[in-house]
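Input: a single structure, listed below in structure tokens.
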Amino acid sequence: MASMRTARIAALYTYPIKSCAGIATDVMRFDAMGPLDDRRWMLIDQHDSFITQREVPRLALVRPARIAGGLRVLAPDMPALSVSGTGGERCTTWCWDDRCAAFDEGPEAAAWFSEFIGRTARLVRFDTTAPRAADRHWVGAAAGRAGALTRFSDGFPLLVISTASMAELDRRLADADLPAAVAQRFRPNVVLDGLDPFEEDLADTLSVGAGPTVLKVVKPCTRCTIPEVDPGTGHHEAGILQVLALFRSDPRLGGAITFGQNCIVTDGLEGVIRVNDPVGVIHRF
């Protein structure tokens with residue numbers, strides 16, 4: 001049984017460097033691995049393991065901006081860093097359980113990030129000739145296909161949340177005498193307006209724009225401590241997870257706290273989606 005209703009895109013974000021600040025955009029384009037440039041770069045330690053806000057909340061203050069194929073990176077009390085986005089020594093690194101091919105962005109970037117976060121770090125760029133597949137268990141027959149690939153994301157090319165779900169969380173935070181949260185804490189790519197709270201949990205597909213670009217909802221997003229990092233200060237502030245645990249614990253995922261839905265692109269990769277585009281939401285019951 002299925003039903004359909006119409007929502008709209010309220011906001012779009014990409015995150016060029018994994019776990020650093022995102023970039024709000026009015027227009028989003030895709031390639032086989034999801035939104036262009038999303039999680040194209042990542043910080044790694046001396047053991048080739050990735051570094052995130054989980055252990056370094058201060059990364060929230062690192063603000064990348066796109067320039068001519070590369071990045072200009074800003075952070076408090078630091079000079080601007082330019083990253084060319086080309087060349088570099090080949091290397092491999094771990095992103096969760098996946099061994100990923102990458103390019104090292106060099107000693108200047110390594111020194112800049114090491115100074116800012118106070119520990120040894122290197123900036124690496126995803127090698128697009130060696131795509132990383134989203135989890136076959138969740139994407140099924142789409143596994144390994146264009147649109148079900150990703151770069152350095154936690155596991156899927158897109159994350160969708162809704163303004164109604166944020167409003168419901170804020171209502172519950174207020175009841176607990178906690179400040180409202182901003183959507184950026186949850187690091188979505190697509191924010192939908194016009195749904196009921198957590199209606200995205202019921203969605204099967206999201207058909208965006210005239211093309212259309214079709215997003216397939218594949219897995220609830222389990223939550224770590226990153227939503228408790230204030231993106232404005234880079235400080236960890238406990239409270240959000242405790243509130244979410246009261247009503248967002250998912251028995252299908254071993255009781256994990258979930259918020260938002262991971263998606264893949266099943267049609268219209270060549271298309272463009274925009275803020276205020278209509279979204280046909282097909283429910284799955």
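The values are calculated or read from the model by the stated rules, or taken from the named source; none is laboratory data. Please read all numbers here as calculations on a predicted model, not as lab measurements. Virtual Cβ from ideal backbone geometry, glycine too; neighbours counted across all protein chains shown.
Annotations
- Per the conditions (1) aliphatic (A, V, I, L, M); (2) without any contact (Cβ under 8 Å) to a residue 40 or more places away in the chain; (3) not in a strand (DSSP E or B), the sole criterion not satisfied by Ala101 is (3).
- Matching residues in the stretch 143-187 - criterion: being assigned to a loop (DSSP other than H, G, I, E, B) and either modelled with pLDDT under 95 or farther than 18 Å from Arg29 by Cα (or both): Ala143, Gly144, Asp154, Gly155, Ala176, Asp177, Leu178, Pro179, Ala180, Ala181, Val182
- Subset of the stretch 210-232 that is among the hydrophobic types (A, V, I, L, M, F, W, C) and modelled with pLDDT of 95 or more - its residue that is nearest to Phe186 (Cα to Cα): Ile226
- The condition of being touching a strand residue (DSSP E or B) at 6+ places or on another chain (Cβ under 8 Å), surrounded by fewer than 22 Cβ atoms within 10 Å (Cβ to Cβ) and touching a residue at least 40 places away in the same chain (Cβ under 8 Å) holds for only one of Gly234, Gly194, that being Gly194.
Residues checked against (1) basic (Lys, Arg); (2) closer than 30 Å to Arg145 by Cβ; (3) within 18 Å of the chain's Cα centre (by Cα):
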position: Arg8; (1), (2), (3): yes, yes, no
position: Ile23; (1), (2), (3): no, yes, yes
position: Met28; (1), (2), (3): no, yes, yes
position: Ile44; (1), (2), (3): no, yes, yes
position: Leu74; (1), (2), (3): no, no, no
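- Residues in the stretch 107-116 that are over 13 Å from Leu71 (Cβ atoms) and surrounded by fewer than 19 Cβ atoms within 10 Å (Cβ to Cβ): 5 in all.
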